[in-house]
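Colleague: Once you've had a glance at the structure underneath, I'll fire off some questions.
The values are calculated or read from the model by the stated rules, or taken from the named source; none is laboratory data. Predicted model, so just to flag it, every value in this text is computed and none were measured. Please note: Cβ atoms are built from the backbone with ideal geometry, for glycine as well, and neighbour counts cover all protein chains shown.
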Amino acid sequence: MKTLTLLGSTGSIGTQCLDIVRKNREEYRVGALTCGSNVELLSRQIEEFAPELAVTARAEDAAALAKKHPRTQLAWGRDGLIAAARADCDMVVNALMGLRGLAPTYNAIMAGHDVALANKETLVAGGQLIMPLARERGVRLLPVDSEHSAIFQCLEGNEGRQVRKILLTASGGPFRGFSRAQLAKVTPAQALKHPNWSMGQKITIDSATMMNKGLEVIEARWLFDVPAEKIEVLVHPQSILHSAVEFCDGAVIGQLGRPDMRIPISFALAYPKRLASDEPGPDFFGAAAQLTFEKPDTEVFRCLKLAFAAIKAGGTYPVVLNGANEVLVELFLAGKIGFLAIEEILDRLLAKHVPAEGTDLADILAVDEKARRDARAEALLL
Ligand code: NDP
Ligand code: MG
């Protein structure tokens, strides 16, 4: 029986993770759950999974839940998340959205816990801090992101063999094939309609700008210790090939499956085993009969180009890209800036960035804070 701490239990990945726990009660139990503002759902999850600890974003929500659930300890805010990340368990599942996931990942590793990592922002901003720390502490970082789970699976059994390229697949999002003129006019409602995946709002907008793929290139760079030059993005609209690895002899190993996040989540939870499920594989005579591939158009989707530039520049550039992007996505969703303003402002901020020296947690958080302030200030100038 594995005890899980689930950070972000009320989100898209969090609720799918609990679906897996629900179906595999003899394998998993939940020790801690955390939410942001969806207190009603957290309350139902406490009822069902009886964790020892539950965490809300706001103090008043924690106080209200404490009255309702006397057997669960309640905590709140950033300190609450860190307490959850450090609490006794067999694995921390980090399904938080955004950079707020970095400090909990750091603390989970410091406490010696394996981490199933959905929170890609942890590695985008903190890869150079987190990867050596995980090695030093001897903890496993198991990717939940479907592409990274695929690459991880393709590399298994191939340790020490020379990799020529990582082939990172992308659906292309809702605006695949659009021109710049068309992109200039898209609305949040259109951007929130992803063709293949149902996800949280932030990652859905990132998929529409293709920043999600940019963040994933950076995530892959750290997880698999490959330079960005060896990572190639393939637009694959059917989302059946989840990514692949090309080896030095020209052989390619890929991982396929239906677009269902419960597959990579359960792979991470059960590693090194696999959990049995009733879900079918791809329908090769139906939805998966035709698998197609295209080169991404980085002149139209410039966020992808900016992400490659940020990781090549290294240091704190990806921190700026990530933090500013979070703010700009919020502003776009609130109708305050247009779709193309996201990449325009990111381009300006990266050009102006003066790399910071330190790379410890506090340094990264300080660069992130400044990037957020700068992004807001630039947006006001539009
Ligand atoms: P969601 O927005 O659906 O969920 C985010 C979680 O974070 C929710 O539990 C939310 O709580 C919580 N949260 C938000 N604000 C706060 C806060 N201030 N304090 C504490 N907790 C907070 O995101 P997703 O599940 O889509 O994504 C999570 C991560 O997984 C992201 O890094 C994403 O890139 C990655 N990912 C997601 C995929 C997907 O299919 N969804 C696929 C691959 C990667 P609440 O709702 O209660 O406010
Ligand atoms: Mg992904």
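Colleague: List every residue pair whose Cβ atoms lie under 9 Å apart, where the two residues are 6 or more positions apart in sequence or sit on different chains, the first residue falls within the range 56-78 and is on the phi > 0 side of the Ramachandran plot and touching a residue at least 12 places away in the same chain (Cβ under 8 Å), and the second residue, located anywhere, is crowded, with 18+ Cβ neighbours inside 10 Å and of a type outside the set (Phe, Trp, Tyr).
Modeller: 77/55; 77/56; 77/57; 77/62
Colleague: Residues in the range 99-114 that are over 14 Å from residue 14 (Cα atoms) and within 13 Å of ligand 1 (Cβ to nearest atom): how many? Full working, then the answer.
Modeller: Pass one, the range 99-114, residues over 14 Å from residue 14 (Cα atoms): 99-100, 102-114.
Those still in the list that are within 13 Å of ligand 1 (Cβ to nearest atom) too: 99-100, 102-105.
Adding up the residues that qualify gives 6.
Colleague: Could you tell me which residue of the range 137-172 is surrounded by the most Cβ atoms within 10 Å (Cβ to Cβ), considering only residues that are within 13 Å of ligand 1 (Cβ to nearest atom) and in a loop (DSSP other than H, G, I, E, B)?
Modeller: Among those residues, the one meeting the criterion is 145.
Colleague: When residue 127 is evaluated against the numbered criteria (1) surrounded by fewer than 17 Cβ atoms within 10 Å (Cβ to Cβ); (2) touching a helix residue (DSSP H, G or I) at 6+ places or on another chain (Cβ under 9 Å); (3) among the small types (Gly, Ala, Ser), which criterion, by number, is the only one it fails?
Modeller: (1)
Colleague: Run residue 276 past the list (1) over 30 Å from residue 5 (Cβ atoms); (2) surrounded by fewer than 17 Cβ atoms within 10 Å (Cβ to Cβ); (3) over 24 Å from the mean Cα position of the chain (by Cα) and report the number of the one that doesn't hold.
Modeller: (1)
Colleague: With part of a helix (DSSP H, G or I) and surrounded by fewer than 15 Cβ atoms within 10 Å (Cβ to Cβ) as the only criterion, which of 377, 307, 371, 341 stands out? Lay out the reasoning, then the answer.
Modeller: On the way: 307 fails: surrounded by fewer than 15 Cβ atoms within 10 Å (Cβ to Cβ); 371 fails: surrounded by fewer than 15 Cβ atoms within 10 Å (Cβ to Cβ); 341 fails: surrounded by fewer than 15 Cβ atoms within 10 Å (Cβ to Cβ).
377 is the lone residue from the list that is part of a helix (DSSP H, G or I) and surrounded by fewer than 15 Cβ atoms within 10 Å (Cβ to Cβ).
Colleague: Looking for something more than 24 Å from residue 227 (Cα to Cα), out of contact with any Ser or Thr (no Cβ under 7 Å at 6 or more places or on another chain) and in a helix (DSSP H, G or I) - is there at least one such residue anywhere in the range 312-326? Steps first, answer last, please.
Modeller: Taking the range 312-326 first, the residues more than 24 Å from residue 227 (Cα to Cα) are 326.
Next cut, out of contact with any Ser or Thr (no Cβ under 7 Å at 6 or more places or on another chain) only: 326.
Filter again for in a helix (DSSP H, G or I), leaving 326.
Scanning the range 312-326, I find at least one residue that is more than 24 Å from residue 227 (Cα to Cα), out of contact with any Ser or Thr (no Cβ under 7 Å at 6 or more places or on another chain) and in a helix (DSSP H, G or I), so the answer is yes.
Colleague: Could you list, ordered by first residue, the pairs with Cβ atoms under 7 Å in which the first is in the range 142-169 and more than 19 Å from residue 248 (Cβ to Cβ) and the second is within 16 Å of ligand 2 (Cβ to nearest atom) and of a type in the set (Phe, Trp, Tyr), at least 6 apart or interchain?
Modeller: Listed pairs, sorted by first residue: 143/152; 149/267.
Colleague: If you take the residues in the range 13-47 that are acidic (Asp, Glu) and in contact with a helix residue (DSSP H, G or I) (Cβ under 8 Å, 6 or more places away or on another chain), which one is farthest from ligand 1 (Cβ to nearest atom)?
Modeller: First pass over the range 13-47, keeping only residues acidic (Asp, Glu): 19, 26-27, 40, 47.
Subsequent filtering for residues that are in contact with a helix residue (DSSP H, G or I) (Cβ under 8 Å, 6 or more places away or on another chain) retains 19, 27.
Details: 19: 13, 27: 22 Å.
Selected residue: 27.
Colleague: Keeping to the range 241-278, report how many residues are in contact with a helix residue (DSSP H, G or I) (Cβ under 8 Å, 6 or more places away or on another chain) and in a helix (DSSP H, G or I).
Modeller: Total meeting the criteria: 8.
Colleague: OK, next. If a residue has to be outside any helix (DSSP H, G or I) and either more than 9 Å from ligand 1 (Cβ to nearest atom) or in contact with a helix residue (DSSP H, G or I) (Cβ under 6 Å, 6 or more places away or on another chain) (or both) to count, how many in the range 187-240 make the cut?
Modeller: Of all residues in the range 187-240, those outside any helix (DSSP H, G or I) come to 187, 192-200, 210, 224-227, 231-240.
Adding the requirement that they be either more than 9 Å from ligand 1 (Cβ to nearest atom) or in contact with a helix residue (DSSP H, G or I) (Cβ under 6 Å, 6 or more places away or on another chain) (or both) leaves 187, 192-196, 199-200, 210, 224-227, 231-240.
Number satisfying all stated conditions: 23.
Okay, residues lined up against (1) within 16 Å of ligand 2 (Cβ to nearest atom); (2) in contact with a His (Cβ under 9 Å, 6 or more places away or on another chain); (3) at pLDDT 95 or above:
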| position | (1), (2), (3) |
| --- | --- |
| 151 | yes, yes, yes |
| 164 | no, no, yes |
| 187 | no, no, yes |
| 217 | yes, no, yes |
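Colleague: To continue, here is another question. Out of (1) on the phi > 0 side of the Ramachandran plot; (2) within 20 Å of the chain's Cα centre (by Cα), the odd one out for residue 346 is which?
Modeller: In the conditions (1) on the phi > 0 side of the Ramachandran plot; (2) within 20 Å of the chain's Cα centre (by Cα), residue 346 misses (1) alone.
Colleague: Okay, moving on. With the requirement that a residue be farther than 20 Å from residue 201 by Cα and either surrounded by 24 or more Cβ atoms within 10 Å (Cβ to Cβ) or out of contact with any strand residue (DSSP E or B) (no Cβ under 7 Å at 6 or more places or on another chain) (or both), what does the range 110-122 give you? Reasoning before the result, please.
Modeller: Here is the first cut: in the range 110-122, the ones farther than 20 Å from residue 201 by Cα are 110-116.
Result: 110, 111, 112, 115, 116.
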